[in-house]
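Can you keep this structure in mind? I'll have questions shortly.
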Amino acid sequence: MSTTTEEIGTEPDLLPGGWEMVIGLEVHAELATATKMFSPARNEFGGEPNTNIHPVCLGLPGTLPVVNRKAIELAIRIGLALNCTVQRSVFARKNYFYPDMPKDYQISQYDEPINVDGHLDLASGAVIGIERAHLEEDTGKSTHVGTSGRIHDAGYSLVDYNRAGVPLIEIVSRPDIRGPEQAKSYVEELRAIVVAIGASDGKMEEGSLRVDANVSVRPAGSDELRTRCEIKNVNSLRSLGRAITYEARRHVSLYEAGDAPRQETRHWDEEEGRTRPGRSKEEAEDYRYFADPDLVPVDPSPEWIEEIRAALPALPKDRRQALVSTGASLPAAAVAVARDLDRLALAAIEAGADPERVLTHVANNLAVEGAGELDPADFADLVKLETGGGLTATQAKQVLAEMVETGRDPATIAAERGFEAMDSGELEALLDGIIADHGDEWQRFVDGDDKTRKKMQGFFTGRVMQATKGQADGRMVNQLLNRKAGG
Amino acid sequence: MIGGRHMSGGTGVIEIAAGVRSGAVTAVSVVEEHLDRIAAGDGEIHAFNTVVRERALAAAAAVDRAVADGRDPGPLAGVPVAVKDNMCTRGIPTTCSSRILEGWRPPYDATVVERLEAAGAVIVGKTNLDEFAMGSSTENSAFGPTRNPVDTTRVPGGSSGGSAAAVAAGFTPLSFGSDTGGSIRQPAALCGVVGVKPTYGAVSRYGLVAFASSLDQIGPLSRTVAESALAYDVIAGHDPRDSTSIDRVLAPVTARLDDGVDGLRVGIIAELSSQDIEGFEPAVVERSHQAADALASAGAKVEEVSIHSTIAGLSAYYMIAPAEASSNLARYDGVRYGLRRAGPNTAAMMRATRTTGFGDEVKRRIMLGTYALSAGYYDAFYGKAQRVRTIMIREFDRVYEDFDVLLTPTSPCVAFPFGAKADPITMYYNDVCTIPCNLTGHPAMSIPFGTGADDLPVGVQIMAPMLGEEDMFRAAAVVERAAIGSEGADR
């Protein structure tokens with residue numbers, strides 16, 4: 001997942017003129033607890049089917065749920081990170097029959113959720129309201145064995161309850177999101193936050209982070225809320241953007257044809273690139289919510305909440321800001337934070353390395369395993385060698401790769417590899433020779449317009465690199481060429 | 001008198017435990033004797049769904065080995081006990097007297113079962129009940145009714161009819177039931193034994209198959225107050241596996257059992273103790289007044305008190321209990337355990353399974369509860385019932401500022417013949433005296449006090465405030481002594 005630079009405000013050209021999107025997202029994140037929400041069974045992804053189970057999460061007759069204190073703590077962390085009010089909460093039963101739900105009800109929070117009224121600040125400066133972030137338990141997974149993989153014509157179904165009862169937080173945004181890119185930024189930021197505070201591993205591909213989108217449209221500038229559709233089965237950020245755009249356009253076409261969308265749940269079909277209606281209105285569920293009599297209200301003390309607040313690590317927003325204040329650009333800072341390399345970058349910069357070069361390496365050369373263990377002082381030394389002319393950019397990249405691999409210091413690696421930047425006299429002599437051999441090209445460089453000059457500059461740099469096997473410093477070659485042409 | 005009497009005395013809990021602990025008798029001989037009585041008599045009574053003869057004898061032998069090794073097996077050493085068939089017993093079928101749990105053997109023991117075995121008790125079998133504890137006669141069992149040992153043409157009450165009958169018939173000196181709206185106290189009254197519903201949260205519900213979670217509570221049935229007091233002390237106490245379990249150390253009720261009632265403030269609830277109430281048998285009401293007189297002569301201050309909300313209790317209960325039941329019983333869908341009836345798809349399979357597996361009364365309550373929780377009806381039904389419950393709790397709490405215990409009949413009538421209350425509303429009305437304490441969470445117990453129509457047993461009910469078990473038991477002990485004195489009976 002890469003961090004996008006998101007546009008501020010509306011995203012033009014996606015909808016016909018005069019319409020804007022109104023999007024609210026429901027993000028489910030599995031909490032990174034050792035055991036399940038109400039059961040002593042392990043909370044672990046993967047594993048043989050039906051091995052991380054216990055009578056309680058199987059809902060066996062006579063079993064009773066007991067709240068996992070760690071899940072409460074993680075939920076409070078999320079609430080605080082999203083600027084929510086943390087309050088007394090009540091678990092309720094959401095009743096409906098489904099084979100992968102062992103009790104045929106889901107324990108969730110309904111009218112008294114643990115976190116309410118927060119907001120999330122995007123890198124663009126946009127602020128997205130958070131309505132609530134409540135706790136609930138996950139369901140199991142069904143596999144339908146038959147011709148199409150659909151439940152309707154399955155020969156039989158297999159159910160794996162390993163996931164049943166895994167703690168989930170459902171984070172419900174207000175309908176403040178105005179386009180697919182902003183929706184993606186919101187999910188990325190949310191993901192970065194839950195990962196940073198250790199509340200979830202945030203892996204969309206493993207299903208530990210899942211997104212449903214409520215989409216509607218309205219005349220641009222109006223503040224009405226029109227009929228929305230809930231889009232499910234969105235399994236990646238890319239799908240999220242596509243699904244939102246498709247659905248919003250569908251609504252606009254309906255309105256422009258004098259029709260209107262129906263409120264319904266729709267499923268994103270990735271292959272066909274369209275949404276399809278899910279459950280019909282006739283089958284609409286009445287969940288018959290009521291307070292779960294097996295559980296008591298959760299009422300965290302103000303002392304506990306403050307203790308959790310005090311222990312919260314720096315949030316992505318603050319970490320980006322820390323880099324920006326050293327002179328880094330916001331997009332570069334965002335990449336560093338997304339890679340969790342911002343602390344390394346900051347330490348290297350504080351040790352005297354050039355911020356721009358540091359962040360360039362982070363963006364281009366450190367998307368590798370083990371980059372986080374790099375010694376900041378060594379990293380700073382490398383950048384200093386490079387900016388001081390002791391290493392070319394290409395050499396620096398090679399040395400850096402070896403530093404990550406071996407943990408050794410840059411000077412030693414450079415010496416072993418014989419990377420000693422040519423001194424300028426040596427380089428100048430070489431360049432003079434090349435110019436002498438290529439008089440026509442040199443003339444075109446001296447007389448040419450900007451475009452030709454640039455092209456010829458590439459020609460001479462290439463020759464120098466060829467002759468030096470890449471050991472020359474490209475910037476120095478450019479400086480020499482310009483000086484010679486000018487002089 | 002029509003029908004046979006199968007009442008039996010036998011050695012009591014305290015004598016058995018003392019004998020086994022001292023080595024005077026072996027647990028094996030005690031358990032064997034009781035198993036033989038069951039084998040001889042239960043064909044007619046049908047107190048048991050399952051008898052675990054071999055397992056019980058093995059457990060008894062282990063108790064005897066402990067004694068031989070000089071280890072104390074515990075306060076219930078060698079005592080044969082019967083547990084209602086809605087409490088989970090590892091490896092032993094736990095049916096709730098329903099076809100829907102066909103073939104299911106729990107992989108774990110209920111907390112109460114663990115505590116009983118840790119105290120040296122020997123479980124001999126699982127007792128019959130109204131399906132999922134829904135009923136007041138044990139006629140709703142999928143495996144056929146239990147007969148009242150006092151008069152086998154009559155019901156034993158319910159839903160813990162099997163547990164009450166097991167004690168009344170002398171099959172076991174001690175049994176355990178669950179009480180959601182009177183399901184321990186009413187059969188105790190109808191079978192002439194003691195039955196206790198402890199404070200909600202005093203005894204762990206872990207392993208009790210839920211009927212209505214906010215009302216269910218496990219408690220003992222025995223021939224004497226002292227036996228139930230001892231059993232209560234064994235099973236009560238905090239359990240981290242039950243979130244509604246009270247997290248504090250409870251004083252043993254046996255310690256003050258014989259302290260008497262001098263100065264105890266006793267209230268007779270007017271709304272449930274008048275000869276004028278429709279459906280209340282005069283002799284039953286008369287007995288509760290005599291019990292009050294007995295407490296007064298023992299030094300208690302007895303007064304009549306009005307608790308208006310008790311009248312609304314029945315209606316509130318028949319909204320709340322079915323609502324919770326409709327959710328609690330959803331899991332019996334044929335997917336994971338118990339009965340499964342095939343269907344062309346999952347929904348049809350679930351429908352066929354539940355249609356076949358549940359009896360009429362269970363279906364009736366699931367439908368009532370589903371309706372009470374439905375969108376658009378919630379406020380008028382479930383919401384309103386919860387408000388009634390809150391009012392009732394407040395009113396009882398106010399009354400308990402002036403009283404230590406309250407007194408009523410346990411059941412408006414004595415044991416009735418099979419089929420006499422086929423109309424559900426008539427049957428529901430049976431619970432009018434017992435339901436208030438389930439709604440408030442307060443403890444209550446039934447003590448046999450003489451007889452009523454047709455020479456059948458009558459029970460009086462003593463209620464107490466939250467965790468007021470000490471006062472409740474010592475008042476019960478006084479009432480018990482008065483009952484024995486007035487009858488000169490051997491009970």
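The values are calculated or read from the model by the stated rules, or taken from the named source; none is laboratory data. Computed from a predicted structure; not experimentally measured. Glycine also receives a Cβ, built like all others from the backbone with ideal geometry; neighbour counts cover every protein chain displayed. Just so you know, the surface numbers come from the protein's heavy atoms only, side chains and all, with ligands and any DNA or RNA stripped out. Shrake-Rupley method; radii C 1.70, N 1.55, O 1.52, S 1.80 Å.
If you scan region B:207-224, which residues turn out to be of a type in the set (Gly, Ala, Ser) and within 14 Å of another protein chain (Cβ to nearest Cβ)? Break it down into steps so the answer makes sense when it comes.
In the first step, residues of region B:207-224 are kept if they are of a type in the set (Gly, Ala, Ser); the result is B:207, B:210, B:212-214, B:219, B:222.
Of everything in region B:207-224, those that are of a type in the set (Gly, Ala, Ser) and within 14 Å of another protein chain (Cβ to nearest Cβ) turn out to be B:Gly207, B:Ala210, B:Ala212, B:Ser213, B:Ser214.
Considering region B:265-286 alone, what residues qualify as being assigned to a helix (DSSP H, G or I) and either on the phi > 0 side of the Ramachandran plot or open to solvent by 60 Å² or more (accessible area, probe 1.4 Å) (or both)? Steps first, please.
Within region B:265-286, the subset assigned to a helix (DSSP H, G or I) is B:270-272, B:282-286.
Across region B:265-286, the qualifying residues are B:Pro282, B:Glu286.
So B:Ala375 clears everything in (1) open to solvent by 10 Å² or more (accessible area, probe 1.4 Å); (2) in contact (Cβ under 8 Å) with a residue 12 or more places away in the chain except one condition, right? Which one?
Unmet for B:Ala375, out of (1) open to solvent by 10 Å² or more (accessible area, probe 1.4 Å); (2) in contact (Cβ under 8 Å) with a residue 12 or more places away in the chain: (2).
From the list A:Arg174, A:Arg178, A:Arg163, which residue is touching a strand residue (DSSP E or B) at 6+ places or on another chain (Cβ under 8 Å), open to solvent by 40 Å² or more (accessible area, probe 1.4 Å), closer than 26 Å to A:Val56 by Cα and of a type in the set (Lys, Arg)? Spell out how you get there, then give the answer.
Details: A:Arg174 fails: closer than 26 Å to A:Val56 by Cα; A:Arg178 fails: closer than 26 Å to A:Val56 by Cα.
Every option except A:Arg163 fails the conditions.
Taking region A:298-320 on its own, how many of its residues are assigned to a loop (DSSP other than H, G, I, E, B) and open to solvent by less than 60 Å² (accessible area, probe 1.4 Å)? Can you show your working first?
To start, the set of residues in region A:298-320 that are assigned to a loop (DSSP other than H, G, I, E, B) comprises A:299-301, A:312-315.
Filter once more, keeping what is open to solvent by less than 60 Å² (accessible area, probe 1.4 Å): A:300-301, A:312-315.
Count: 6.
Select from region A:379-413 the residues that are open to solvent by less than 10 Å² (accessible area, probe 1.4 Å), among the hydrophobic types (A, V, I, L, M, F, W, C) and either within 20 Å of A:Arg343 (Cα to Cα) or touching a Leu at 6+ places or on another chain (Cβ under 7 Å) (or both) and list them in ascending order. Don't jump to the end; show me each part of the working.
Taking region A:379-413 first, the residues open to solvent by less than 10 Å² (accessible area, probe 1.4 Å) are A:379-380, A:382-383, A:386, A:391-392, A:395-396, A:399-400, A:403, A:410, A:413.
Subset that is among the hydrophobic types (A, V, I, L, M, F, W, C): A:379-380, A:382-383, A:391, A:396, A:399-400, A:403, A:413.
Within region A:379-413, A:Phe379, A:Ala380, A:Leu382, A:Val383, A:Leu391, A:Ala396, A:Val399, A:Leu400, A:Met403 meet the criteria.
If you go through region A:317-342 one residue at a time, how many are without any contact (Cβ under 8 Å) to a residue 24 or more places away in the chain and within 17 Å of A:Asp378 (Cβ to Cβ)?
Here the count works out to 0.
Grab the strands (runs of 3 or more DSSP E) fully contained in region A:82-174, keeping just those with 3 or more residues being within 14 Å of chain B (Cβ to nearest Cβ). Before you say what the answer is, go through the steps one by one.
Working: elements: A:91-95, A:105-109, A:115-121, A:127-137, A:141-146, A:154-160, A:167-173.
Result: A:91-95, A:105-109, A:141-146, A:154-160.
Every residue in region B:319-368 that is among the hydroxyl-bearing types (Ser, Thr, Tyr) and either assigned to a helix (DSSP H, G or I) or more than 11 Å from chain A (Cβ to nearest Cβ) (or both), please.
Start the filter on region B:319-368 by keeping residues that are among the hydroxyl-bearing types (Ser, Thr, Tyr), which leaves B:326-327, B:332, B:337, B:346, B:353, B:355-356.
Correct list: B:Ser326, B:Ser327, B:Thr346, B:Thr353, B:Thr355, B:Thr356.
Any idea which of A:Ala367, A:Ala353, A:Ala371 is touching a Lys or Arg at 6+ places or on another chain (Cβ under 8 Å) and open to solvent by 60 Å² or more (accessible area, probe 1.4 Å)? Working first, answer last.
Numbers: A:Ala353 fails: open to solvent by 60 Å² or more (accessible area, probe 1.4 Å); A:Ala371 fails: open to solvent by 60 Å² or more (accessible area, probe 1.4 Å).
Answer to the check: A:Ala367.
Yes or no, residue by residue, for (1) within 17 Å of A:Leu14 (Cβ to Cβ); (2) within 28 Å of the chain's Cα centre (by Cα); (3) modelled with pLDDT of 95 or more; (4) of a type in the set (Gly, Ala, Ser):
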{"site": "A:Ala220", "(1), (2), (3), (4)": "yes, no, no, yes"}
{"site": "A:Lys232", "(1), (2), (3), (4)": "no, yes, no, no"}
{"site": "A:Gly241", "(1), (2), (3), (4)": "yes, yes, yes, yes"}
{"site": "A:Thr245", "(1), (2), (3), (4)": "yes, yes, yes, no"}
{"site": "A:Arg250", "(1), (2), (3), (4)": "yes, yes, yes, no"}
{"site": "A:Leu254", "(1), (2), (3), (4)": "yes, no, yes, no"}
{"site": "A:Gly258", "(1), (2), (3), (4)": "no, no, yes, yes"}
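Now a separate question. From the list B:Asn430, B:Asn438, which one is within 29 Å of B:Glu395 (Cβ to Cβ) and modelled with pLDDT of 95 or more? Break it down into steps so the answer makes sense when it comes.
Working: B:Asn430 fails: modelled with pLDDT of 95 or more.
Every option except B:Asn438 fails the conditions.
How many residues does region B:104-122 contain that are more than 13 Å from chain A (Cβ to nearest Cβ), surrounded by fewer than 24 Cβ atoms within 10 Å (Cβ to Cβ) and in contact (Cβ under 8 Å) with a residue 60 or more places away in the chain? Outline the logic, then answer.
Here is the first cut: in region B:104-122, the residues more than 13 Å from chain A (Cβ to nearest Cβ) are B:115-122.
When the remaining residues are screened for being surrounded by fewer than 24 Cβ atoms within 10 Å (Cβ to Cβ), the result is B:115, B:117-119.
Filter again for in contact (Cβ under 8 Å) with a residue 60 or more places away in the chain, leaving B:115, B:119.
Here the count works out to 2.
Still on this model: Quick one: which strands (runs of 3 or more DSSP E) sit completely within region B:396-473 and have at least 3 residues that are open to solvent by less than 20 Å² (accessible area, probe 1.4 Å) and under 22 Å from B:Ala165 (Cα atoms)?
Values: elements: B:405-409, B:444-451, B:457-463.
Because the criterion is at least 3 residues that are open to solvent by less than 20 Å² (accessible area, probe 1.4 Å) and under 22 Å from B:Ala165 (Cα atoms), the strands (runs of 3 or more DSSP E) in region B:396-473 that meet it are B:444-451, B:457-463.
Quick check on my filter: what residues within region A:321-348 are open to solvent by 20 Å² or more (accessible area, probe 1.4 Å) and in a helix (DSSP H, G or I)? I'd like the intermediate steps shown before the answer.
Step one: list which residues in region A:321-348 are open to solvent by 20 Å² or more (accessible area, probe 1.4 Å), which gives A:321-322, A:324-327, A:329-332, A:335, A:338-340, A:343, A:346-347.
Result: A:Gln321, A:Ala322, A:Val324, A:Leu330, A:Pro331, A:Ala332, A:Val335, A:Ala338, A:Arg343, A:Leu346, A:Ala347.
Across region B:149-198, what is the total count of residues that are in a loop (DSSP other than H, G, I, E, B) and either within 14 Å of chain A (Cβ to nearest Cβ) or surrounded by fewer than 24 Cβ atoms within 10 Å (Cβ to Cβ) (or both)?
So in region B:149-198, the residues in a loop (DSSP other than H, G, I, E, B) come out as B:149-150, B:152-153, B:155-160, B:169-173, B:180-184, B:192-193, B:198.
Next cut, either within 14 Å of chain A (Cβ to nearest Cβ) or surrounded by fewer than 24 Cβ atoms within 10 Å (Cβ to Cβ) (or both) only: B:152-153, B:170, B:180.
The total comes to 4.
Kindly list the number of the only condition in (1) part of a helix (DSSP H, G or I); (2) buried (at least 23 other Cβ atoms within 10 Å of the Cβ) that fails for A:Ser253.
(2)
Per-residue answers, yes or no, for (1) within 14 Å of chain B (Cβ to nearest Cβ); (2) open to solvent by less than 50 Å² (accessible area, probe 1.4 Å):
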{"site": "A:Thr33", "(1), (2)": "no, yes"}
{"site": "A:Arg42", "(1), (2)": "no, no"}
{"site": "A:Thr51", "(1), (2)": "no, no"}
{"site": "A:Thr63", "(1), (2)": "yes, yes"}
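Are any residues in region B:9-62 among the charged types (D, E, K, R), under 25 Å from B:Gly158 (Cβ atoms) and open to solvent by 30 Å² or more (accessible area, probe 1.4 Å), and if so, which ones? Before the answer, list the steps.
Here is the first cut: in region B:9-62, the ones among the charged types (D, E, K, R) are B:15, B:21, B:32-33, B:36-37, B:42, B:44, B:53-55.
Now drop any that are not under 25 Å from B:Gly158 (Cβ atoms), which leaves B:37, B:42, B:44.
Within region B:9-62, B:Arg37, B:Glu44 meet the criteria.
Okay, next question. Quick check on my filter: what residues within region A:197-244 are farther than 28 Å from A:Lys141 by Cβ and among the aliphatic types (A, V, I, L, M)?
Within region A:197-244, the subset farther than 28 Å from A:Lys141 by Cβ is A:216-227.
Correct list: A:Val217, A:Ala220, A:Leu225.
Any residue at all in region B:214-234 that's within 28 Å of B:Glu395 (Cα to Cα), surrounded by fewer than 22 Cβ atoms within 10 Å (Cβ to Cβ), in contact (Cβ under 8 Å) with a residue 40 or more places away in the chain and among the hydrophobic types (A, V, I, L, M, F, W, C)?
The answer is no; no qualifying residue exists.
So, one more: Kindly establish whether A:Ala133 is at pLDDT 95 or above, assigned by TED's automatic domain parsing to the domain that holds A:Asn83 and among the small types (Gly, Ala, Ser). Let's see the steps before the verdict.
Details: at pLDDT 95 or above: yes; assigned by TED's automatic domain parsing to the domain that holds A:Asn83: yes; among the small types (Gly, Ala, Ser): yes.
It is true that A:Ala133 is at pLDDT 95 or above, assigned by TED's automatic domain parsing to the domain that holds A:Asn83 and among the small types (Gly, Ala, Ser).
Can I ask one more? Kindly indicate which of A:Gly59, A:Gly47, A:Gly79 is under 26 Å from A:Thr143 (Cβ atoms) and away from chain B (no Cβ under 14 Å). Steps first, answer last, please.
Values: A:Gly59 fails: away from chain B (no Cβ under 14 Å); A:Gly79 fails: under 26 Å from A:Thr143 (Cβ atoms).
Unique residue meeting the criteria: A:Gly47.
Could you figure out which of (1) touching a His at 6+ places or on another chain (Cβ under 7 Å); (2) modelled with pLDDT under 95 isn't true of A:Ala41?
Here A:Ala41 meets the rest and fails (2).
Let me ask another. Can you tell me how many residues in region B:225-263 are within 22 Å of B:Leu406 (Cβ to Cβ) and within 14 Å of chain A (Cβ to nearest Cβ)?
Within region B:225-263, residues that are within 22 Å of B:Leu406 (Cβ to Cβ) and within 14 Å of chain A (Cβ to nearest Cβ) number 1.
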